[in-house]
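The values are calculated or read from the model by the stated rules, or taken from the named source; none is laboratory data. Because the structure is predicted, anything quoted here is derived from the model rather than measured. In this analysis, Cβ positions are derived from the backbone assuming ideal geometry, glycine residues included, and neighbour counts consider all displayed protein chains.
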Amino acid sequence: MKRAALALGLLLLASATQAEDKRGPSRNSYANPSAVIASELAFAQAAQDKGQWTAFAEAAAPDAVMFTPQMVYAQAWLKGRANPAVAVKWQPHEVWSSCDGSLMVSHGAWQGGKANGYFTTLWQRQKDGKYKWILDHGDALKEAEPVPEMIAGHVADCPERGLRPAAAPMVRVGKGTSKALAPLDPAKRSGKSDDGSLTWEVTVDPSGARNLSVEWKKDGAVSPVLIEEVAAEKG
């Protein structure tokens, strides 16, 4: 019953968002935060149904990165890794989207045993219109994050006509070809949406400490969406 109600709510949210964003030139080029909300909820449920690392691998893009605490290619790190007996649970609280919907950021809370914390996940739209995560970030908290009444969705300002930057060519890596990925710079990684309205950068210290910053174009200026600092793990 709860799943049916959730599915209905997502359908209504998606319909409302699509009605607001029909300005896009094609079905796959407008912002629809509900698409990533749905992806996050499905991802979280898959972790419970199939196992934590199985779900992470299925939802990740070929070049996705995660932190262990050093930055690593997720698919390589997850390959053959046994699932924990009890999967972490998580819930999205807020989503920020580029104007064109090519890149989105979700933020929320996780719980595992007696621990809890926050997560931030970057999602990139694929050629088939579905979303895969490209970066998973987060940390533990002493106190759980407040639970919002509703999952909020936000959209960046659109570039002015004629000023939209050309999309950078994307390198697609087929299934089973992770060896073709370029060597990973363990200290820094960055990216942006196809229209340039949402950007991100992460830096990692040799100690494992890291910083993630996400910016977007809003109200005529570039402003921060999230700035997260994670301290080095205590040895």
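A few remarks follow.
- Annotation: D139 fulfils all but one of (1) surrounded by fewer than 20 Cβ atoms within 10 Å (Cβ to Cβ); (2) touching a Leu at 6+ places or on another chain (Cβ under 8 Å); the unmet one is (2).
- Against the numbered list (1) at pLDDT 95 or above; (2) surrounded by 13 or more Cβ atoms within 10 Å (Cβ to Cβ), M150 comes up short only at (2).
- Of all residues in the range 58-107, exactly one satisfies the criterion of being assigned to a strand (DSSP E or B), under 27 Å from P159 (Cα atoms) and of a type in the set (D, E), namely E94.
- Entry remark, the range 58-76: residues being surrounded by fewer than 17 Cβ atoms within 10 Å (Cβ to Cβ) and among the hydrophobic types (A, V, I, L, M, F, W, C) number 2 in total.
- One residue from G191, G208 being assigned to a strand (DSSP E or B), in contact (Cβ under 8 Å) with a residue 24 or more places away in the chain and under 18 Å from T120 (Cβ atoms): G191
- Qualifying residues in the range 43-61 (those that are within 14 Å of the chain's Cα centre (by Cα) and of a type in the set (F, W, Y)) - the one nearest to M104 (Cα to Cα): F43
- Cβ-Cβ distances below 6 Å connect the following pairs, each with a first residue in the range 58-83 that is closer than 19 Å to S207 by Cα, a second residue that is among the charged types (D, E, K, R) and not in a strand (DSSP E or B), and a separation of six or more residues or different chains: P69/E233.
- Number of the exception - V225 against (1) touching a residue at least 40 places away in the same chain (Cβ under 8 Å); (2) hydrophobic (A, V, I, L, M, F, W, C); (3) within 21 Å of E160 (Cα to Cα); (4) loosely packed, with under 14 Cβ neighbours inside 10 Å: (4)
- Within the range 108-134, the residues that satisfy the criterion of being assigned to a strand (DSSP E or B) and of a type in the set (S, T, N, Q) are Q111, N116, T120, T121, Q124.
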